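See structure below.
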Amino acid sequence: MKKKSFLACAAALLLSSCGFTGGTATNGGASTTDILGGILGAITNPNTLGDILYEVIGASKLSEKDVIGTWKYYQPGCAFTSENALATAGGKVVAAQAKEKLQPTYDKLKISGKNTYFTFNQDGTFSAKVMGKTINGTYTFNSSNSSVQLQTLLLSTTGYLTRNPQGISLLFESKKLLTALQVLGAASGNSTLGTVSEISKNYDGIRLGFDLAK
């Protein structure tokens, strides 16, 4: 992803939300140029920029070496498929809302750091526990789109990896996340899983799953 393009998109969104439509401000004497400069200065701050990049899959490139190791669940994960989806949806606020709505669902399914983790090995195999159920298989990591193809006897699915402040996030299209949770022990008719489906209907261009840390 080109950072300049992303920053311009983010700045335009912020200007619009603040009421700037032309060369001068609508709520004071400062020029749009001055305000734009301030916004760009803020979002290029390493801390702020890091928060923004965590929300877009592929914004921060991962190598296969970055993925190797054991990663434990610590909270629901959510990220956008593109910078356009991030800007359209309202960005970080929407991501936080999606995680908040997922949390009770994960709690009811008893997903925790003690019973949910993923281990990616250098030889292309992986092992995991999800809701305490053990799974083993192979994986193929694609650095061009930050995807990982997971293959087991019961499940074949594509996930997406992105960085988070604590480690990495493993995310899925909502239907694939539902399928994975159903295969891994949750009854297909479990009303608790409806939350995942509802979130996908309300928010376009997002992937849902697990925030993981070592």
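The values are calculated or read from the model by the stated rules, or taken from the named source; none is laboratory data. Just so we're clear, the structure is a prediction, and the values are computed from it rather than from any experiment. Glycine also receives a Cβ, built like all others from the backbone with ideal geometry; neighbour counts cover every protein chain displayed. Heavy atoms of the whole protein, side chains included, go into the accessibility calculation; ligands, DNA and RNA do not. Shrake-Rupley method; radii C 1.70, N 1.55, O 1.52, S 1.80 Å.
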For the stretch 92-143, what D do you get in µm² per second when you plug the Kirkwood radius from alpha-carbon pairs into Stokes-Einstein at 10 °C and 1.306 mPa s?
123
Residue 198 versus residue 123, label points 7 Å from Cα toward the beta carbon: distance in nm?
4.5
Measuring from label point to label point, each 7 Å out along Cα→Cβ, what is the residue 66 to residue 140 span in nm?
2.1
Could you please state how large a percent of the accessible area of the stretch 72-182 is carbon and sulfur, counting protein chains only and using a 1.4 Å probe?
50
A 22 angstrom limit on the alpha carbon distance is what I want to check against. Which of 108/175; 65/114; 114/214; 114/175; 108/176 exceed it?
65/114; 114/175
Given the protein chains as shown and a 1.4 Å probe, how many square angstrom of residue 54 are accessible, to the nearest 10?
70
So what are the ³J(HN,Hα) numbers for the stretch 119-132, from phi and the Karplus equation (6.51, -1.76, 1.60; θ = phi - 60°), rounded to whole Hz, Gly and Pro as x?
10, 9, 9, 5, 7, x, 9, 9, 9, 7, 10, 10, 6, x
Computed ³J(HN,Hα) along the stretch 64-70: with the Karplus parameters 6.51/-1.76/1.60, θ = phi - 60°, integer Hz and x for glycine or proline, the list is 4, 4, 5, 7, 4, x, 9
